[in-house]
Structure formats: structure tokens, C-alpha cells
Amino acid sequence: MARKTLTYTVSDEGRDQGKQFLITEMAASKGESWAVDALSAIFQGDPTIPPDFIGSGMAGIARLGADMIFKAPAVLIKPLLAELMGCVKCMPDPSNPQVTRPLVESDIEEIKTRFLLMKEVFALHIGFFAGGVTSTSATSSPAAKVTP
């Protein structure tokens, strides 16, 4: 079975409005490693979190909430956020969605877009804990859908 994908269309007004991105789920081993690193970073930022969460992977992050990542020291979360963005590819021609390429700096011009994309990557990876993934910030067009 192929990894899950999500086509995300920026709906917010601004320089990125209408741009499309393809988000692809990490391989299971990479996702597990990312989750353990994230939980370890979260624990360092908030030691009141039970240590047994570190071994709980994406399920633990889903229970804690994505916002917990930002309680971790910046030096630990920056590489984790970069890994999330590694799941995103640019769709430079919305009329030809089969054409994708890795992101370049000029693909995203709004800081908010980066955060929205990271949120969507995160949701794609933990959505199975909530009974499925749906995009809440993409346009209402059928462009925002998850393909298993």
C-alpha cells in the first residue's frame, strides 16, 4: 500500500494564495524516529510529562497535542520542523498535479503558510488516531483530500 498523500491549496489571502503543495507521509521507520525525537525534545522542555511518553511515538504526540512541540528548546525542534517540511513538495502547475518537485526557498513567501503546511503534515501522520485526516485549513475545493 502506498503512503498517504494530501494535496494542500493555500486559501488564505497573500502571496501564497492558490499555490498547491503535495504532502506525503513519512516511511514508518522515519515517522517513528521523528516521533521519538519529538517526544524526547518535548520532555526536555516540560519535564512534568511522564517519561513513558517517549516510547509512545506518534500516539503519544497525538495525545499531548502538536502545540507541545513548541515547549521544547528551539535547538531541538528546528530540525524536527525541517523534517516535517521534507514531506512537502511544490506543485508548480496546478493544472498538471502530476508534476511535483522539492521545495525551493521562493515557493513559500508567507511564514503563515509554512506553519499551515507543518500542521497539515502533522495531521497526516497522526490522523489515524482521530479516525481519519481531513484538512481544515485548505480550500473547500476537492483539492484537499487524503489519498491512502
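The values are calculated or read from the model by the stated rules, or taken from the named source; none is laboratory data. Keep in mind that what you see is a predicted model, and the values were worked out from it rather than measured. Positions of Cβ are generated from backbone atoms using ideal geometry, with glycine treated the same way; all protein chains shown enter the neighbour counts.
Scanning the stretch 8-19 for residues that are in contact (Cβ under 8 Å) with a residue 24 or more places away in the chain, touching a Ser or Thr at 6+ places or on another chain (Cβ under 8 Å) and not aromatic (Phe, Trp, Tyr) yields 9, 10, 11, 12, 14, 16, 18, 19.
Tell me yes or no: at least one residue of the stretch 7-18 is touching a His at 6+ places or on another chain (Cβ under 9 Å) and under 27 Å from residue 92 (Cα atoms). No, the stretch 7-18 contains no residue that is touching a His at 6+ places or on another chain (Cβ under 9 Å) and under 27 Å from residue 92 (Cα atoms). Among the residues of the stretch 10-42, those identified as outside any loop (DSSP other than H, G, I, E, B), crowded, with 19+ Cβ neighbours inside 10 Å and more than 14 Å from the chain's Cα centre (by Cα) are 10, 20, 39, 41, 42. Residue count for the stretch 119-135 under the criterion of being at pLDDT below 90 and under 13 Å from the mean Cα position of the chain (by Cα): the result is 10. I'd like to check something: does the stretch 64-87 contain any residue that is touching a strand residue (DSSP E or B) at 6+ places or on another chain (Cβ under 9 Å), assigned to a loop (DSSP other than H, G, I, E, B) and either modelled with pLDDT of 70 or more or of a type in the set (Asp, Glu) (or both)? Yes - at least one qualifying residue is present in the stretch 64-87.
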